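What follows is a short report on a single structure.
The values are calculated or read from the model by the stated rules, or taken from the named source; none is laboratory data. Since this is a predicted model, take the numbers as computed values, not measurements. Here the Cβ positions follow ideal geometry from the backbone for every residue, glycine too, while neighbour counts run over all protein chains shown.
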Amino acid sequence: MATMTLNLQKAGDAPKPKLQLSLNKEARFKIELEWDSEADLDTHALLAFNDGNGAKVSAFEQILSTYNVKRPDNQGVLVARNPDGSPNEQGKGWFETPCGTLRHSGDSRRGDLTQIDEVIDFDGSRCPNDRNEIPLFVLIHSPANATFADVKSGLIRIKDQMDKEIGSYRLSDEFKAFKGIQLGSILRSANGWEFAAAGTGFNGDFNTVLAHFS
């Protein structure tokens with residue numbers, strides 16, 4: 001399988017190593033992240049396929065992340081725009097996977113408890129038939145050595161299409177030794193879509209995630 005390169009830089013960051021990546025029932029879920037800190041937290045999701053040997057992605061179009069925003073080029077063709085030190089407009093405002101299954105509210109660099117800082121929307125009615133698992137993550141982008149112990153009032157909520165909370169994590173308390181967490185996965189089942197909680201903490205960046213899921 002062909003390899004692709006994903007650059008995890010944001011504007012103003014020092015250069016980081018690149019990752020080599022080998023790449024019907026309507027339901028909606030919402031993932032809401034809020035925090036109060038100068039630390040930079042990010043939500044990410046994968047549009048994955050699981051054949052029983054673990055969820056995997058194989059193309060940039062299956063990655064929803066502020067590192068991999070899809071924007072039209074001058075000809076109107078969707079292309080991967082990875083942050084490279086130029087003015088970072090990629091994460092400003094809503095963006096989505098090409099199929100429209102996953103939408104992200106945009107990159108918030110600093111938490112503010114007066115509002116929800118980042119949101120991911122999942123629309124099961126638009127999910128391709130060959131995708132059956134949506135792993136969800138929150139990671140600290142900066143400072144590089146920070147853990148959730150350094151993040152004030154970090155909270156993430158997962159809500160269903162009726163806006164009912166079906167899961168939540170207090171990041172600053174439950175995962176204070178870690179800089180990343182897999183919240184769980186949205187799974188396609190015989191009855192439609194359901195959320196399966198994981199709550200697995202880890203130390204690493206989004207490259208660590210992609211190395212596991214590719």
Consider segment 176-214. How many of its residues are in a helix (DSSP H, G or I) and among the polar types (S, T, N, Q)? 2
What number of residues within segment 1-39 are closer than 15 Å to Ala211 by Cα and either modelled with pLDDT of 55 or more or aliphatic (A, V, I, L, M) (or both)? 9
Which number in (1) assigned to a strand (DSSP E or B); (2) over 20 Å from Ile186 (Cβ atoms); (3) at pLDDT 70 or above marks the one condition that Asp42 misses? (2)
What do you reckon, is Val69 out of contact with any Ser or Thr (no Cβ under 9 Å at 6 or more places or on another chain), buried (at least 21 other Cβ atoms within 10 Å of the Cβ) and at pLDDT below 80? yes
Is segment 77-89 home to any residue that is modelled with pLDDT under 50 and of a type in the set (Val, Ile, Thr)? yes
Within segment 152-175, can you find the residues that are touching a Phe, Trp or Tyr at 6+ places or on another chain (Cβ under 7 Å) and assigned to a helix (DSSP H, G or I)? Leu171, Ser172
If you scan segment 106-149, which residues turn out to be touching a strand residue (DSSP E or B) at 6+ places or on another chain (Cβ under 9 Å), at pLDDT below 90 and not in a strand (DSSP E or B)? Gly106, Asp107, Ser108, Arg109, Arg110, Gly111, Asp112, Leu113, Gln115, Ile116, Asp117, Pro143
List pairs: first in segment 187-214 and over 13 Å from Ile134 (Cβ atoms), second of a type in the set (Val, Ile, Thr), Cβ under 6 Å, 6+ apart or cross-chain? Gly201/Ile181; Ser214/Val57
